[in-house]
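To keep things clear, I will list the structure first and then write my remarks on it.
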Amino acid sequence: MTEKLRKRLITALKFVVSAALVYFIFTKIDFADVTRTLKGSNPFYLFLGILLVALSKILASFRLNLYFHQIGVKLSQISNLKLYVLGMFYNLFLPGGIGGDAYKGYVIQKKYKSGTKKVVSVLLLDRLSGMLLIFIYACALALLLKTHFFEKFTWLVVLAIPLSILVFWFLNKKFFSYALPVFWGSFIYSAFVQLSQLVCILCILKALSVPLDTYAYLFVFLVSSIVSVIPLTIGGIGSREVTFLYGAKWLGLDAGTSISISFVFFLITALISFFGIVYHFKKPELEVVGQSN
């Protein structure tokens, strides 16, 4: 099987899985309720949500540039942001063989010859740093949820927070020692990235006039963020919504409202990612720090 054929088959499979999940969701909830909820949304809070997601992406690009600088790729923040936005566009709109991370890794390695292993490693560490903070925030929110399940394992949830940080630090030190100096800088950036997205969800809740149960909706969102990273669907379409659906049922939330939240967040992310099309047609010039045109 050729590499090109393999990529096409993987993309086709992702489309099938996404379509199947979306169809499954349609069979489980009343989309008329979802539509009514969306029509009554407050545009001011939706606009704030867009700004917060945009902020989270800018902060995430700064985090990635920490890693790039650590392996000798001294990209300017503007150049790195352009490359990051282009990667977002590829991740969501051109999933057939040109993933955003794969493209960024290819461009960086081709121009700066930093070593394929190191480039791939820092791209992976960048993702894992974000996942670590999603996990930490999820644990913190789990402690605030009044559910019998989490109350039984409170001590384990509390222990999981410092333990996850320690394990990730040890893995960095053991296998990626060259990136260890930016561990805490990356950690702080990730904390603000995920916090921005959590506040965005609060804005979406406000826009949709959703009553309380705030902690539960935020918790489900974080779990869905982890699930959507699994490369089984196109841009996480379907997997995030299914997580919201079953999370809502588990925590006693309204399923239609949960799907509305997921749908609005996806649209906001897609809107911001679409701006990357500019750099698809005019590839960004990668400038190093201090370089002038």
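Just so you know, all these numbers are worked out from the coordinates, no wet-lab data involved. As the structure is a prediction and not an experimental result, all values here were calculated from the model. We place every Cβ from the backbone using ideal geometry, glycine too, and count neighbours over all the protein chains shown.
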May I ask you to sort 184, 169 by Cβ crowding, counting other Cβ atoms within 10 Å and putting the fewest first?
-> 184, 169
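In this model, which of 173/249; 111/174; 152/173; 206/283 are farther than 30 Å apart at the alpha-carbon?
Values: 173/249 41 Å; 111/174 28 Å; 152/173 34 Å; 206/283 38 Å.
As for pairs spanning more than 30 Å Cα to Cα, those are 173/249; 152/173; 206/283.
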With a ≥ b ≥ c the root eigenvalues of the C-alpha gyration tensor of segment 89-227, is it rounded (a/c under 1.5), prolate (a/b larger than b/c) or oblate?
-> oblate
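Please arrange 241, 287, 151 by how many other C-beta atoms lie within 10 Å of their C-beta, fewest to most. Present the calculation step by step, with values, prior to reporting the outcome.
Details: 241 27, 287 16, 151 12.
Ordered by Cβ neighbours within 10 Å, fewest first: 151, 287, 241.
Which FRET efficiency, nearest 0.05, do residue 110 and residue 180 yield, Cβ-Cβ r, R0 25 Å? Write down the numbers at each step before the final one.
On the way: r = 26 Å, r/R0 = 1.05.
That pair, residue 110 with residue 180, gives E of 0.40.
Could you please rank 201, 78, placing first whichever residue has the fewest other Cβ atoms within 10 Å of its Cβ? Don't skip to the end; give the middle numbers.
Details: 201 22, 78 12.
Fewest-to-most ranking of 201, 78: 78, 201.
How high is the FRET efficiency between residue 283 and residue 226 when r is their beta carbon distance and R₀ equals 35 Å, given to the nearest 0.05? Spell out each step's value before the answer.
Values: r = 32 Å, r/R0 = 0.91.
Approximately 0.65, to the nearest 0.05.
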According to a simple spin-label model (label point 7 Å from Cα along Cα-to-Cβ), what is the distance in nm between residue 140 and residue 47?
-> 2.9
